[in-house]
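Everything below concerns the one structure shown next.
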Amino acid sequence: MSSSLGLTPELVAYLASANPPEHPALVRCREDTRRMTQSAMQISAEQGAFMQVLARILNAKRTFEVGVFTGYSTLATALTLKEMHGRAAHVLACDVSEEWTTKARDYWREANVDDVIELVIAPATTTLKARIAAGQGGAYDLGFIDADKQTSAAYYEAGLELLRPGGVLLFDNVLWAGRVVDPADTSADTTALRALAVKAKADPRVHAAMTNIGDGLLICVKK
Ligand SMILES: C[S@@+](CC[C@H](N)C(=O)[O-])C[C@H]1O[C@@H](n2cnc3c(N)ncnc32)[C@H](O)[C@@H]1O
């Protein structure tokens, strides 16, 4: 979502003024994407800033993202990883859209982080399972899931396997613009998001906190 749930435009502007300035390529990504009909899929600037500081706290060197779109979250993460680790940084970026990720590649090149981003165009469950099969279990510090909501449970399991102990798995849109508390909403997406919340809360493998960052961000720390 392009704006954080429940925030007035004035508060969004205040957050922007309080946070470090966005990299010029992030600004261009945001401004170009605003003109697209699907612009609401982009994460908010303050969520990007949060992910950058989280990557720093974790000293993250290797991350994966499910749901690239025009590349904002991937770019935010890659900028921080490359600043900390140079070309040893690695961002595995998963999406199914050639069209949208072609735009993303432009911003990544502009910011000089394209060399630390590996974009794989395929259903993300296939990509993540292939990485597990290739022996990359435990090899990632941070994962961000921001794609098809009905696949959340599969992303949760694969994501946890790819993370090292102490690594963090983030799920976007867990408040789903408020639809999760609408009893009349029994759609497959909303039902999957409610099930994800229940699963994370009861899972002894993680410490989980649901927050109202962006459209709701579920934070799971692997034990
Ligand atoms: C909400 S957008 C991601 C927004 C992005 N994180 C950003 O910062 O702008 C969701 C993306 O998930 C992708 N997607 C949908 N189903 C997918 C799947 N099965 N595997 C991988 N990507 C998928 C879509 O093509 C779309 O680009």
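Out of (1) farther than 25 Å from ARG56 by Cβ; (2) within 13 Å of the ligand (Cβ to nearest atom); (3) acidic (Asp, Glu), the odd one out for ASP146 is which?
(1)
Quick one: in the stretch 54-78, which of the residues that are touching a Ser or Thr at 6+ places or on another chain (Cβ under 6 Å) and near the ligand (Cβ under 8 Å from one of its atoms) is farthest from LEU119 (Cα to Cα)?
Here the answer is THR70.
Can you name every residue in the stretch 75-105 that is among the acidic types (Asp, Glu) and over 19 Å from ALA45 (Cβ atoms)?
ASP95, GLU98, GLU99
Taking the stretch 1-53 as the search range and keeping residues that are polar (S, T, N, Q) and within 12 Å of the ligand (Cβ to nearest atom), which one is nearest to LYS82 (Cα to Cα)?
Taking the stretch 1-53 first, the residues polar (S, T, N, Q) are 2-4, 8, 17, 19, 33, 37-39, 42, 44, 47, 52.
Imposing the further condition that a residue be within 12 Å of the ligand (Cβ to nearest atom) reduces the set to 2, 33, 38-39, 42, 44, 47.
On the way: SER2: 25, THR33: 24, GLN38: 29, SER39: 27, GLN42: 22, SER44: 21, GLN47: 19 Å.
Only one residue fits best here, namely GLN47.
Out of all the residues in the stretch 15-31, which are in contact (Cβ under 8 Å) with a residue 24 or more places away in the chain and either touching a strand residue (DSSP E or B) at 6+ places or on another chain (Cβ under 6 Å) or farther than 8 Å from ALA45 by Cβ (or both)?
Of all residues in the stretch 15-31, those in contact (Cβ under 8 Å) with a residue 24 or more places away in the chain come to 15-16, 19-20, 22-26, 28-30.
Listed by number, the residues that qualify are PRO20, HIS23, PRO24, ALA25, ARG28, CYS29.
Restricting attention to the stretch 182-217, and to residues there that are in a loop (DSSP other than H, G, I, E, B) and touching a residue at least 40 places away in the same chain (Cβ under 8 Å), which single residue is surrounded by the most Cβ atoms within 10 Å (Cβ to Cβ)?
Once the filter is applied, the top-ranked residue is GLY214.
Run down GLU46, GLU31 and say which single residue is over 14 Å from the mean Cα position of the chain (by Cα) and part of a helix (DSSP H, G or I).
GLU31
Select from the stretch 127-143 the residues that are in contact (Cβ under 8 Å) with a residue 24 or more places away in the chain and not in a helix (DSSP H, G or I) and list them in ascending order.
GLN136, GLY137, GLY138, ALA139, TYR140, ASP141, LEU142, GLY143, listed by residue number.
Give the stretch 77-93 a look and list any residue that's more than 17 Å from LEU162 (Cα to Cα) and either among the polar types (S, T, N, Q) or buried (at least 20 other Cβ atoms within 10 Å of the Cβ) (or both), or say none.
Selection gives THR77, ALA78, LEU79, THR80, LEU81, LYS82.
Report the residue count in the stretch 141-166 for those that are surrounded by fewer than 24 Cβ atoms within 10 Å (Cβ to Cβ) and among the aromatic types (Phe, Trp, Tyr).
The total comes to 1.
Only the coordinates and a few stated rules stand behind these numbers; no lab work does. Predicted model only: the values in this text are computed from it and were never measured. Glycine also receives a Cβ, built like all others from the backbone with ideal geometry; neighbour counts cover every protein chain displayed.
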